[in-house]
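Below: the structure, in C-alpha cells.
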Amino acid sequence: MFAERPRGRVGSWPLIAAMLVATGVWMAIAGLRFAWDSALVTLGACLGLEALALVYRTRRPEPRIAATLDGLAQVIAFSACAAALSYAVASTGGPLWDATFYAWDQRLGLDWRAYLAFVDGHPRLGLVLSLAYRSLILQTMLAVILLGFSGRLRALQDFVLAFAIAGTVTVLISALTPAMANFEFLGLSPADFPQLEPAAADVHVADLTGLRDGTLRTISLDRVEGIITFPSFHAALGGLYIWAFWSVRAARFPALLVNALLIAATPIDGGHYFVDVIAGLVVAALAICAARALGGRWAPEADRPLVSGSGPAPERA
C-alpha cells in the first residue's frame, strides 16, 4: 500500500517561530504583558503531540500518524501565536476603517442591513448559518486528521502551511485596517435582529476598545476573542477548507455545502462587511498558491510515494 511522503517535516514551524518573535517584540513596544500561565495547556498539548509524532517517526514508523500529530501540534501552536499577535497589533492600531469598509460595500451595491433583515426573517436559516460559522475548530482538526490518516501527507502539509500563511497575512493587514465591525459601527442592538443570536456580534468590542484605549494591558489565552474585521479569517478558512477537503471524494460536497454556509454566515455572525469576506477569500487563494510553491521548494524530492503498511491506500482525488 502507498502513502504520500510528506515534503519534509519542517512544515509551518519556521512561520510559527517568526510569529512568536514578532508577538514578543510588538508586545514590548506596546507595553503589553502576557499571562504565561494561560499558555500552559497549549504548550503541554503541543509538546505531547510532538513527542508522540517523534515516536511514530522513529521507534514505530507510521508516517500517517506522525504527520497527523505534527499537523495538529502546528495548528494549535499557530492559533495561539496568531491570537496573541492579533491583540498586540490591535493595541497600536490607527484610525478605524469602518466608514471606509461600509462605503466600499455601498459602492459594490451590497446592502448589509438588507441582508441582516433577510436572515432575521428566516430564523431557521439563521440557525444553520450560525452553526456553520462556529465550525472552525472542528473543521480544522477534521481536515488535519482526514488528510493525514488517508495518506495525503503532501496535501496535509500544504493545508497547514496555507492555514498559517493566511492567518499571518490576516493579522498583519488588520494592523493597518482596524475596525469595530457592522453591529458596533451601525449602533445596533438585539432588538434590531430579534430572531437571531449572532455568534460574534459584539464579543470583541470590549477587548478591542480596551487595547486601543490602554485599559487592557495583559493578554491571556484563556480569554481571547476574534478581534479582526478586515480581512475575514473566517472567510479565508472557509476557502481553505473547501480546498483541503476537495481531495477526499467522500468529503468533497459536504465540505462545499458547509463552507458555503460558513462564508454566507460571516457578514451576520461575525458582523463583517462584505468586503471583509471578499478580502478573506483572496487571502485564502494567495495562501494556497504560496503553500504549494514553498512546499515544492522545501522538499521537491519527496513527491515520490512512500511504501507503508499503515492504513488503507489513499483513494484518487
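When we screen Ala235, Ala250, Ala244 for residues that are part of a helix (DSSP H, G or I), farther than 18 Å from Asp158 by Cα and under 18 Å from the mean Cα position of the chain (by Cα), the only hit is Ala235. Applying the criterion of at least 3 residues that are over 29 Å from Thr209 (Cβ atoms) to the helices (runs of 4 or more DSSP H) found wholly in the range 1-107 leaves 13-30, 40-57, 63-90. Is it the case that some residue within the range 193-209 is in contact (Cβ under 8 Å) with a residue 60 or more places away in the chain, out of contact with any Gly (no Cβ under 7 Å at 6 or more places or on another chain), charged (D, E, K, R) and in a helix (DSSP H, G or I)? Checked against the condition, which is being in contact (Cβ under 8 Å) with a residue 60 or more places away in the chain, out of contact with any Gly (no Cβ under 7 Å at 6 or more places or on another chain), charged (D, E, K, R) and in a helix (DSSP H, G or I), the range 193-209 yields at least one hit. Might you let me know whether the range 289-296 holds any residue that is assigned to a helix (DSSP H, G or I), surrounded by fewer than 16 Cβ atoms within 10 Å (Cβ to Cβ) and modelled with pLDDT under 90? Yes, the range 289-296 contains at least one residue that is assigned to a helix (DSSP H, G or I), surrounded by fewer than 16 Cβ atoms within 10 Å (Cβ to Cβ) and modelled with pLDDT under 90.
Give the number of residues within the range 39-90 that are in contact with a strand residue (DSSP E or B) (Cβ under 8 Å, 6 or more places away or on another chain) and more than 24 Å from Leu237 (Cα to Cα). Break it down stepwise before answering.
First pass over the range 39-90, keeping only residues in contact with a strand residue (DSSP E or B) (Cβ under 8 Å, 6 or more places away or on another chain): 63-64, 84, 87-88.
With the extra rule that they be more than 24 Å from Leu237 (Cα to Cα), the set shrinks to 63.
Going through the range 39-90 one residue at a time, the tally reaches 1.
One residue alone among Gly151, Gly167, Gly126 is of a type outside the set (Asp, Glu) and not in a helix (DSSP H, G or I), and that residue is Gly151.
So that you can scan it fast, the table gives a plain yes or no per residue for (1) touching a Pro at 6+ places or on another chain (Cβ under 9 Å); (2) modelled with pLDDT of 95 or more; (3) under 26 Å from Ala290 (Cβ atoms); (4) among the aromatic types (Phe, Trp, Tyr):
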| residue | (1), (2), (3), (4) |
| --- | --- |
| Val171 | no, yes, yes, no |
| Phe185 | no, yes, no, yes |
| Glu197 | yes, no, no, no |
| Asp202 | no, no, no, no |
| Gly210 | no, yes, no, no |
| Ile219 | no, yes, no, no |
| Ser232 | yes, yes, yes, no |
| Ile242 | no, yes, yes, no |
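Every condition in (1) on the phi > 0 side of the Ramachandran plot; (2) among the small types (Gly, Ala, Ser); (3) free of Cβ contacts under 8 Å to residues at least 60 places away in the same chain is met by Gly238 except one, and the failing one is (1).
Taking the criterion of being under 30 Å from Thr68 (Cα atoms) and surrounded by 17 or more Cβ atoms within 10 Å (Cβ to Cβ), the residues of the range 29-41 that qualify are Phe34, Ser38, Ala39. Considering only residues in the range 128-142 that are out of contact with any Gly (no Cβ under 9 Å at 6 or more places or on another chain) and among the small types (Gly, Ala, Ser), the one that is farthest from Leu196 (Cα to Cα) turns out to be Ser135.
Condition check: of a type in the set (Phe, Trp, Tyr) and surrounded by 16 or more Cβ atoms within 10 Å (Cβ to Cβ). Does Trp26 satisfy that?
Working: of a type in the set (Phe, Trp, Tyr): yes; surrounded by 16 or more Cβ atoms within 10 Å (Cβ to Cβ): yes.
Judged against the criteria, Trp26 is a match.
The values are calculated or read from the model by the stated rules, or taken from the named source; none is laboratory data. All of these numbers come straight from a predicted model, not from anything done at the bench. So basically every Cβ, Gly included, is an ideal-geometry build from the backbone, and we count neighbours across all protein chains shown.
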